Structure formats: C-alpha cells, structure tokens
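Before any comments, here is the structure.
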Amino acid sequence: MQQLLNLVIGIFLARQLSQTDYGMVGMITIFTALGTCLQEGGFISAINKRKNATQEDYNAVFWTSLGIGLTCYAILFACSPLIAKFFKQPELKWLIRYVALGFVISSLSTAPRAMLFRKMMVRETSIMTITALATSGIVAITMAYMGFAYWGIATQSIVYISIVMLLSYHFSKWRPNAKINLTPVKEMIGFSSYLMLTNVFNVINNNVFAVILGRLYTAGDVGNYTQANKWNTMGASLITNMVNGVAQPLFTKVDDDRERQKAIMRKLLRFTALASFPLMLGLALVAKEFIVILITEKWLESATLMQTLCVAGAFLPISALFSNLIISRGHSGIYMWSTIAQCLAGLAVALLMSPYGIHAMVAAYAVVSILWTGVWLALAHRETGMTLMEFLKDISPYLLLAAILCLAAHWLTIGISNIYLRILTKIVAVAIPYVAILWMLGSTILKEGFLFLVKRKIQ
C-alpha cells in the first residue's frame, strides 16, 4: 500500500516538476538525512535490546532526542549559507532552513516510535505510515500544481514527519513527563552510538552521488540520478521494510537459541530472495517503458541509471537481513565498521570514476554494493554458522530463475514497437513462469506464503 501511494505521488510530481526541481532537493538530502540520524541516535534499536524497558527509559530518550534535534537544526541553520555557496545555488539557503525543521518535529516521536517497534505493532505502524504518506503526497501535488516547484517536495517531508509524530503518540499511548533523568541514556549510549555512526555512514553512502554530482555537474544531472534512485529505493524498500519490521525484534527474542536463530535466518533469507530478485530485476527490465509511460520522455535519461541501481537493489534486502541479525546479537560496533568500510569503498570508486561520467560512477557503486553482500554473509556466519553453500542454496534458485526469465523476456520483446504491449509482455513473460516453475519445483516458501494468504482471506 505504501509503495502504491509512493508510485502515484511520484508520477504526479515527476510529471509536473523538472529535473532541476528534484536536483535542488537532492543536493541537500544528505544534510537533512544526517541530521535525522543524529537526532534518532540509534535509541530505537537500543531500547529494543533492553530486557525490560521502563517509562524512565523512554522519557530519557525523548529528552535526549529533542536536545539533539534542536542542536542539529541550529547547526544546519547556521551552515546553510556555506552549503548554498558550495553548490553555487543561493536558493538552497532558505530551503535547507525550512526542511531542517523536520529534525525538531521528528525528535518528538523517537520515544513513541521505539515503543511501537519494540512491541512489534506492525499494523499500527503501517496505518501511521500510510496516513502520513497519503496526506503529505496530496499537499505536495497541490503545491506543485500551484507553481511552488521544489517547495512542494520540501513541504511533503515536513507534513509526513508531523503526521508520523502525532500518530505515534496516538497508537503508543505513551506520554513524556518533565522529570529528566538521563541515566538510562548513559547505559544505552555504548550500543546506540555505534548504530548512530553507522546510520551516518549509511546516509553518506546512499547520498554521496548527489553531493558529487551537485558539485561537478548540474542540478538537472542530480535530478536524473535522484529520480532513478527514488524508484530503485521504492522497489527495494518494499522488501526491506517487511523484513526490518520483524527481523530484528524476532532475532532478539531467540537470541539464546543459536540453532533456532539460524533456522529463522534461512527462512527469512529464502522469502527475501523469492520476492526481491524478480521484483528488482524485473524493474530493471521494464525501466525505460516504466519511465516513459509514467513520467514522460523528459526523464528517459534516468532510466539507464535506474536499471543499474535496480540490479544492485536486488541484494539490498539481503544485506539488510544480515545487518538486522548482527544488531540483534548486540554487535552494533561490528555493524558500524562494516558499514563505514562499505561507505568508504563506495566513495572511493565514485571519485575514481567521476571523470568518466555519471553512468560509470553508478555502475562502480553497484558492483561494490553487490560484492559487499559477501562481507555481511561472513559476519552472519560468525553469529549463526551459516555457510556460503547454505547461502547459495537458499538464494540461487530465485536469483537464477529471475535472471534467466528477465533476459528471455528482453530478447522476446525486442521487436515489439508498441510501448504498452512491450511492457505488458515483459511483465507477463517473467511473473507467470516464475511462479509456475517454482510451484512445480515444490518451493516450500512459495507454497507457505500462498497458504498463509488463503487462510487470511478465509478468516
């Protein structure tokens, strides 16, 4: 539902706005995302890790997060002229100051969101997210059609954060009090600080291209990359969010049973591979038709970038699953250093390939991202004993089948000139054989998923 809303909102905005509009927001995304990471501070996972979380723990997180949020806003407010000068875009000064208000608003919701996460209140979290997404999308589309350009995208972020904040209090039923005791934060800081630093480097890793492109190229180039990355992220997050919503709390609950934890990991891995490979490789397959049909030919240049990103994006949910295991085992430091190393490797290849253009930079980044799955596997092996052969046994049927079907669909549709018929043929040529072949081969995870859906429908 979230991805469907994102799709509809993204289509309306992309048709109305230009590459430059998206580029303006894309340039500052890294700064606003960094502020959000610092404000959250890793406290949501830290509280989840505590055996018995109390009102005092949540209250301490609330006041600490609010203090960090206010500090981040003050710093970014003061630095906004320098950032605008760096990108040679004077308009960024006030745009940054406006978007950064989200730090303060978001900081108010850290504690109640931590409670929702700890209690695995997935249904309530989904309702909260969908409501916020739909409302903020309507606001952004309205502003875009009224001529507010990139201010509509900025306002979308503020409205989204505000609604999430309000609904997190509504569903959690939690309220802060004026008694400030930061002792619980001191107990959590060792674990949470690693997560915070990790998230900082994740943000740098995910947004470094926008910074480099904003400095070396034009706002339009940044816009094309931002558009391509948006659709890739939307597809990958469809799987990642489902996994993240249950993986870390579930791993934590069976922390003392290594064999059971390994069995859960392998089952989640098969489910992730089942969904991720056909979705992301399929999205790469139809990228050009997808872009032209939904957001017009003016964005066609972003389609090739999107194809490359989607291939790497197919492995992101798997990496996310491994990282959730590492965190649940209390090794936030290992998680941090692995993420930092990946970030530095991605940054290095981006800088090395920058003279060869955007496409070379993105391709190099994709290779690093895929290869780093092996590093996460090695770390998971230390925790559960999962071997490389077990890993390949779990994912290879889905990866190979999805790749073969996508390649076959590509060659099958080369001669089809009608763009609508071509994209439909590609989807059908991959989706139906994928499900049919796995069913005939007796895929347990596919049949269990199907039976689960049927039972829910009957109920």
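Mind checking which of Val349, Asn241, Ser302 is farthest towards the positive end of region 241-354's charge dipole, using Cβ charges of +1 (Lys, Arg) and -1 (Asp, Glu) about the Cα centre?
In region 241-354, that residue is Asn241.
How large is the accessible surface of Val311 in square angstrom, using a 1.4 angstrom probe and rounding to the nearest 10?
60
With every protein chain left in place, what is the accessible area of Arg118 in Å² (1.4 Å probe, nearest 10)?
Near enough 50 Å² of accessible area.
With each run of n ≥ 4 DSSP H residues scored as -39500 (n - 2.57), what mean residue ellipticity at 222 nm is computed for the chain after dividing by its residue count and rounding to the nearest 500 deg cm²/dmol?
On the way: 20 runs with 391 residues, N = 459.
Per the formula, -29000 deg cm²/dmol.
Where does each of Lys119, Lys88 land when they are ordered by accessible area, with a 1.4 Å probe and the largest first?
On the way: Lys119 125, Lys88 150 Å².
Most to least solvent-accessible, the answer reads Lys88, Lys119.
Could you point to the residue in Ile419, Trp337, Leu17 farthest towards the positive end of the chain's charge dipole, with +1 and -1 charges on the Cβ of Lys/Arg and Asp/Glu respectively?
Trp337
Taking only C-alpha pairs under 8 Å that are 6+ residues apart, what is the relative contact order of the chain in percent? Before the final figure, lay out the partial values.
Numbers: 615 pairs, mean separation 84.0, N = 459.
Worked out over the chain, it gives 18 percent.
Accessible area per residue of region 28-150 at 1.4 Å probe, in Å²? Walk me through the intermediate numbers first.
Working: 5200 Å² over 123 residues.
The answer is 42 Å² per residue.
How much accessible area per residue does region 340-413 have, counting only protein heavy atoms and a probe of 1.4 Å, in square angstrom? Display every interim value, and only then the final one.
Details: 3580 Å² over 74 residues.
I get 48 Å² per residue for region 340-413.
Kindly sort Leu283, Leu412, Leu309 by accessible area of their heavy atoms, largest first, with the probe set to 1.4 Å.
Working: Leu283 30, Leu412 115, Leu309 5 Å².
These residues rank, largest area first, as Leu412, Leu283, Leu309.
Through the Karplus equation 6.51 cos²θ - 1.76 cosθ + 1.60, θ set to phi - 60°, convert the phi angles of region 354-359 into ³J(HN,Hα) values in whole Hz; use x for Gly and Pro.
For region 354-359, the Karplus curve yields 4, x, 9, x, 4, 5 Hz.
State to the nearest 20 debye the size of the charge dipole of the chain about its Cα centre, where the only charges are +1 on K and R beta carbons and -1 on D and E beta carbons. The partial results should precede the final answer.
On the way: 36 positive and 19 negative charges, 160 e Å.
For the chain, the charge dipole is close to 760 debye.
Which sequence of Asp21, Asp257 reflects their accessible areas, 1.4 Å probe, from the largest down?
On the way: Asp21 25, Asp257 70 Å².
Result of the area sort, largest leading: Asp257, Asp21.
Using only the alpha carbon atoms of region 357-433, find the Kirkwood hydrodynamic radius as the inverse mean reciprocal pair distance, in angstroms to one decimal.
Values: mean 1/r = 0.0650 Å⁻¹.
Taking the inverse mean of 1/r over all distinct Cα pairs, region 357-433 comes out at 15.4 Å.
Select one label from (1) 35, 26, 20; (2) 47, 27, 20; (3) 33, 30, 21: the one whose number is semi-axes √(5λ) of the Cα gyration tensor in Å as derived from the coordinates shown.
Working out semi-axes √(5λ) of the Cα gyration tensor in Å from the coordinates points to (3).
Using a 1.4 Å probe, how large is the accessible area of Asp57, given in Å² and rounded to the nearest 10?
10
Ignoring any ligand, DNA or RNA, what whole percent of the accessible area of the chain comes from carbon and sulfur when the probe is 1.4 angstrom?
Values: 14090 of 20460 Å².
Carbon and sulfur together cover 69 percent of it.
The values are calculated or read from the model by the stated rules, or taken from the named source; none is laboratory data. Every value quoted in this text rests on a predicted model; they were computed, and no experiment measured them. Cβ atoms come from the backbone with ideal geometry, glycine included; neighbour counts cover every protein chain shown. Note: accessible area is taken over every heavy atom of the protein model, side chains too, but ligands, DNA and RNA are not part of it. Shrake-Rupley method; radii C 1.70, N 1.55, O 1.52, S 1.80 Å.
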